[in-house]
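Here's the structure we're looking at; comments come further down.
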Amino acid sequence: MLMKANQEDKLSMEIVVVDLLNNTTPTILAQMPQIESLKEEFSKNVDKLREFKNGQTLNRTGNRMSKEQLREQMTQLGFITAAQVCAFAIATDNEVLEMEVTYVYSDLLRLRDTDIADTCQSIHDIANANLATLADYGVTTASLEALKDSIENYNVVLPKTRAGIVTQTLFTDGIAELFTENDKLLFRMDKLVTMLKFAEATYHDEYFKSRKIVNTGHRTLSLKGKITNELGQPIEKVTITIETPVPVTTKSTELGNYQFKGVDAGMFAVTFQRDGYITERVFLVFTKNLRTDFNIVLKQAEQQQRSA
């Protein structure tokens, strides 16, 4: 059983609270006794919740993704992120940064299991440190979360034998326990912040706004687009696949339209495939509660062969 909709919404709220607390000035924190220890414990629980959620995702269909599949997904996301940061470094003449994120994909594939995980983690950390300047190059909070989750998914299975992998039931039970613990921590932190209602009114209001749980639902439209040929004519029966941990697939309609609902946040490869046309593969960023629009033109295979 996967994390329930209300649990996912609650986790989103808790992630926002952690971010707010981590960015709270020391002068404000000093006015709340024991807030540092509460914040640390709460943050660790949120990290565990994300890890357990990833564990559930790996079991979504009852068939765990293989280590090789997880490695490939992580390596692709890491390489794309490095390429995006590298493009920024070249544009800004930052030679040091360029050297740090210059990789050849084939070289990454040859790395040892632990080395590739460490390399992707390094790419993530470098991109995260420069996040504020990378939006134009496609690096976003969502794409970095997707890379982080992919690394964590890979590390979960890396050291474990098949018999030692935690079952989905244990993940589900652990999630329930962690939410119970966090409810108690939030209650205590709420009382501490309440003391600042007048002394730090702006912070007080910001904190309690972050505590609101937004009911997002799970069937919101995630991706929508139209597929045409080079003459602008719609192409039907194109198979579109989003390479999430468990890939999802649909086909284009008679008018060339397609759509997906309820895709998890992150950056995933999307393929467009139909007999007689050149298969296209692109990377798109998905953000929770926001729709991504993507139209594409497919070229006929025989036309490419004649022009070669």
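In loop segments of segment 176-254 as defined by DSSP, the trypsin sites (Lys or Arg not before Pro) with at most 14 further C-beta atoms inside 10 Å of their C-beta are Lys197, Lys212, Arg219, Lys237. Largest first, the extents of the alpha carbon coordinates of the chain on the three principal axes equal 74, 45, 45 Å.
May I ask for the angle, rounded to the nearest 10°, between helix 141-157 and the longest principal axis of the chain, with both axes built from Cα atoms and the value confined to 0 to 90°? Once rounded, the angle reads 90 degrees.
Under a Gaussian network description of the chain, with springs only between Cα atoms under 10 Å, the residue in Thr287, Thr119, Thr194 that fluctuates furthest is Thr194.
Considering only alpha-carbon pairs that sit under 8 angstrom and 6 or more positions apart, the relative contact order computed for the chain is 20 percent. Residues considered: Ile240, Ile151, Ile90. Largest GNM mean-square fluctuation over the chain, using C-alpha springs under 10 Å, is found at Ile90. Per atom type, the chain shows carbon and sulfur on 51% of its accessible surface, probed at 1.4 Å. The lysines whose alpha-carbon is closer than 20 Å to the alpha-carbon of Lys197, local same-chain residues fewer than 8 away aside, are Lys39, Lys209, Lys212.
Helix 5-22 and the longest principal axis of the Cα set of the chain meet at an angle near 60°.
Close amide H pairs (under 5 Å, H built 1.01 Å from N) link Tyr277 with Ala301, residues at least 5 positions away or on another chain.
Of the residues Gly78, Gly138, Gly276, which exhibits the maximal mean-square fluctuation in a Gaussian network model of the chain defined by a 10 Å Cα contact cut-off? Looking only at Gly78, Gly138, Gly276, the biggest GNM fluctuation is shown by Gly276.
Gyration tensor over the Cα atoms of segment 226-287: the corresponding equivalent ellipsoid has semi-axes (square roots of 5 times the eigenvalues, largest first) of 21, 12, 10 Å. In loop segments of segment 184-253 as defined by DSSP, the GluC sites (Glu not before Pro) with at most 16 further C-beta atoms inside 10 Å of their C-beta are Glu230, Glu236.
If you count only protein heavy atoms with a 1.4 Å probe, what accessible area per residue comes out for the chain, rounded to a whole Å²? Intermediate results must be reported in sequence, preceding the final value.
On the way: 16910 Å² over 308 residues.
Averaged over the residues of the chain, the accessible area is 55 Å².
Return the loop-located chymotrypsin sites (Phe, Trp or Tyr not before Pro) in segment 172-229 (DSSP other than H, G, I, E, B) with at most 10 other Cβ atoms within 10 Å of their own Cβ; answer none if there are none. Intermediate values should be presented prior to the final figure.
Values: sites: Phe179, Phe187, Phe198, Tyr203, Tyr207, Phe208; in loops: Phe198.
Taking segment 172-229 and a limit of 10 other Cβ atoms within 10 Å, the loop chymotrypsin sites (Phe, Trp or Tyr not before Pro) found are Phe198.
Can you tell me how much longer the chain between Glu100 and Leu158 gets when fully stretched, taken as 0.36 nm per residue apart minus their C-alpha distance, in nm with one decimal?
Numbers: separation 58, 0.36 × 58 = 20.88 nm, distance 2.54 nm.
Additional length available on full extension: 18.3 nm.
Using alpha carbons only, how many degrees (0 to 90, rounded to 10) separate the axis of helix 67-91 from the longest principal axis of the chain? Roughly 90 degrees, rounded to the nearest 10.
Karplus-derived 3J(HN,Hα) values for segment 118-135, using 6.51 cos²θ - 1.76 cosθ + 1.60 with θ = phi - 60°, are 5, 5, 5, 5, 5, 4, 4, 5, 5, 5, 5, 5, 10, 3, 4, 10, 10, 4 Hz; glycine and proline are entered as x.
The values are calculated or read from the model by the stated rules, or taken from the named source; none is laboratory data. What you see is a predicted model; the values in this text were computed from it and never measured. Every residue, glycine as well, gets a Cβ built from its backbone with ideal geometry; the counts of neighbours run over all protein chains shown. We work out accessible area using only protein heavy atoms, side chains counted, and drop any ligands, DNA or RNA first. Shrake-Rupley method; radii C 1.70, N 1.55, O 1.52, S 1.80 Å.
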